[in-house]
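Notes for the one structure printed next.
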Amino acid sequence: MINLGAELKEKIISFIVIGAATVSSLLLLAMLIYILRESWPIWSQIGVSAFLTGSTWRPLNTPPEIGILSMIASTMWVAGGALLIAAPLGIGCAVFLAEFAPSSLAAVLRPVVNMLTGIPSVVYGFLGAAVLVKFFEVKFDLASGESLFAASLILAIMVIPFIIANSEAALRSVASEYRHAGIALGVSKPYLTMRVLVPLARKGMLGALVLAFGRAMGETMAVLMLAGNILRFPGSWFDKGEPLAALIALELGSSIPGSFHYQALFAAGLVLVVMVIAVNAVINLLLNRIQNEV
């Protein structure tokens, strides 16, 4: 009876998990189909290459001039810069919490980290505009402190809690036998952590970085308030720009449904979704290759 009950419980849980995964996949597919349908006139009339490599955004001109290369570059500057700042800090904090922090301190810090993930992005953006932008204006004598770098700094603060939580979970999921074996062999704690535990947990930690990168690419409000929103190709991290998410948020409300402008914004949204999916796919392929080599 006990075995039957356990098997039934396992089947129910498996059914729920498979059902949730199937529904999530269908929702993603439906979203992609809808966005593709709404943006199809852009792909058929402008073309994929012209849309992705064009540097002019004048959808209301006659004829319209539509290209999103500058927005793609701004998105990569902002998201890549945020990950560059957040990755070492987040992973370092995760290693400290999982392996070195006293249990009493870790019990205090974990809820604080989890709380940070729930703060609305508009609050981060407002604080960045009020404090960070003002600091750049005063410290460097700038007419405006808005830049892709300012947006990256705030995004880094936003994604660090995600990296910490997921990376710590990956480290804590490593079998305790490895820790016991290290202690029995007299291996130092730092050596055991960095040479044994972190490599074993690298798949989960890289997954955390991918989630953070996707969150940074799709973030809207903080980027909208800090990036400067200038439609030009950014020459450096410290220039102003307009990432894809900010472009859509700024112009979708003023576009006429069914117009060329409206369809172009849907096409930009499709590009953003595909970029996030592509990053996840590439990282997963690399992780699988690494795991097979090991």
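The values are calculated or read from the model by the stated rules, or taken from the named source; none is laboratory data. Only a predicted model underlies this, so the values are computations on that prediction, with no experimental measurement involved. Please note: Cβ atoms are built from the backbone with ideal geometry, for glycine as well, and neighbour counts cover all protein chains shown.
A quick yes/no check of all residues on (1) touching a strand residue (DSSP E or B) at 6+ places or on another chain (Cβ under 9 Å); (2) farther than 27 Å from Ala129 by Cβ; (3) at pLDDT below 90:
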| position | (1), (2), (3) |
| --- | --- |
| Tyr191 | no, yes, yes |
| Met194 | no, yes, yes |
| Ala201 | no, yes, yes |
| Met225 | no, no, yes |
| Pro243 | no, no, no |
* Checklist (1) in a helix (DSSP H, G or I); (2) of a type outside the set (A, V, I, L, M); (3) closer than 20 Å to Ala227 by Cβ; (4) modelled with pLDDT under 90 applied to Phe149, failing item -> (4)
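Pull up segment 248-270, narrow it to residues that are out of contact with any Ser or Thr (no Cβ under 9 Å at 6 or more places or on another chain) and aliphatic (A, V, I, L, M), then point me to the one that is farthest from Pro59 (Cα to Cα). Give the steps one after another, and end with the answer.
Residues of segment 248-270 out of contact with any Ser or Thr (no Cβ under 9 Å at 6 or more places or on another chain): 250-260.
With the extra rule that they be aliphatic (A, V, I, L, M), the set shrinks to 250, 252, 256.
Numbers: Leu250: 14, Leu252: 12, Ile256: 12 Å.
Filtering first and then ranking leaves Leu250.
What number of residues in segment 95-146 are in a loop (DSSP other than H, G, I, E, B), acidic (Asp, Glu) and touching a residue at least 40 places away in the same chain (Cβ under 8 Å)? Quick ask: steps written out before the conclusion?
Within segment 95-146, the subset in a loop (DSSP other than H, G, I, E, B) is 101-102, 117-120, 140-146.
So of that shortlist, the ones also acidic (Asp, Glu) come out as 141, 146.
Next, from what is left, pick out any that are touching a residue at least 40 places away in the same chain (Cβ under 8 Å): 146.
Final tally of qualifying residues: 1.
Given the options Ala281, Ala245, name the one that is surrounded by 14 or more Cβ atoms within 10 Å (Cβ to Cβ), part of a helix (DSSP H, G or I) and small (Gly, Ala, Ser). Break it down into steps so the answer makes sense when it comes.
Details: Ala281 fails: surrounded by 14 or more Cβ atoms within 10 Å (Cβ to Cβ).
The unique qualifying residue is Ala245.
From the list Thr75, Thr56, which residue is out of contact with any Ser or Thr (no Cβ under 6 Å at 6 or more places or on another chain), free of Cβ contacts under 8 Å to residues at least 40 places away in the same chain, under 30 Å from Leu153 (Cβ atoms) and not small (Gly, Ala, Ser)? Working first, answer last.
Numbers: Thr75 fails: free of Cβ contacts under 8 Å to residues at least 40 places away in the same chain.
Within the list Thr75, Thr56, the selection yields Thr56.
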* Structure fact -> Residues of segment 147-161 being closer than 10 Å to Gly81 by Cα and surrounded by fewer than 24 Cβ atoms within 10 Å (Cβ to Cβ), in sequence order, are Phe149, Leu153, Ala156
* Asked: Tally time: how many residues in segment 216-260 are within 18 Å of the chain's Cα centre (by Cα) and of a type in the set (Val, Ile, Thr)?
  -> 3
* **Among residues of segment 245-294, those that are among the acidic types (Asp, Glu) and modelled with pLDDT of 85 or more, counted** => 1
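Has segment 1-18 got at least one residue that is more than 30 Å from Ser152 (Cα to Cα), under 26 Å from the mean Cα position of the chain (by Cα) and either in a helix (DSSP H, G or I) or among the β-branched types (Val, Ile, Thr) (or both)?
Within segment 1-18, the subset more than 30 Å from Ser152 (Cα to Cα) is 1-18.
Now drop any that are not under 26 Å from the mean Cα position of the chain (by Cα), which leaves 17-18.
Okay, now just the ones that are also either in a helix (DSSP H, G or I) or among the β-branched types (Val, Ile, Thr) (or both), so 17-18.
The answer is yes, given that some residue of segment 1-18 is more than 30 Å from Ser152 (Cα to Cα), under 26 Å from the mean Cα position of the chain (by Cα) and either in a helix (DSSP H, G or I) or among the β-branched types (Val, Ile, Thr) (or both).
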* To do: Read through the list (1) surrounded by 15 or more Cβ atoms within 10 Å (Cβ to Cβ); (2) over 29 Å from the mean Cα position of the chain (by Cα), then give the number of the only condition that Ala184 fails.
  => (1)
* Asked: Are there any pairs, at least 6 apart or on different chains, whose C-beta atoms fall under 8 Å, with the first in segment 196-214 and in contact (Cβ under 8 Å) with a residue 24 or more places away in the chain and the second hydroxyl-bearing (Ser, Thr, Tyr) and buried (at least 20 other Cβ atoms within 10 Å of the Cβ), and if so, which?
  -> Ala201/Ser167; Gly204/Ser167; Met205/Ser167; Ala208/Ser167
* **Residue satisfying all of: in segment 53-90; surrounded by 16 or more Cβ atoms within 10 Å (Cβ to Cβ) and at pLDDT below 90; farthest from Val223 (Cα to Cα) among these** => Pro64
* Asked: Counting only residues that are within 30 Å of Ser259 (Cα to Cα), β-branched (Val, Ile, Thr) and free of Cβ contacts under 8 Å to residues at least 12 places away in the same chain, which one in segment 1-51 is surrounded by the fewest Cβ atoms within 10 Å (Cβ to Cβ)?
  -> Ile33
* Asked: Pairs under 7 Å by beta carbon, first residue in a helix (DSSP H, G or I) in segment 265-276, partner of a type in the set (Asp, Glu), six or more apart or different chains?
  -> Leu265/Glu251; Phe266/Glu38
* Asked: Looking at Ala227, is it buried (at least 18 other Cβ atoms within 10 Å of the Cβ) and under 30 Å from Val95 (Cβ atoms)?
  -> no
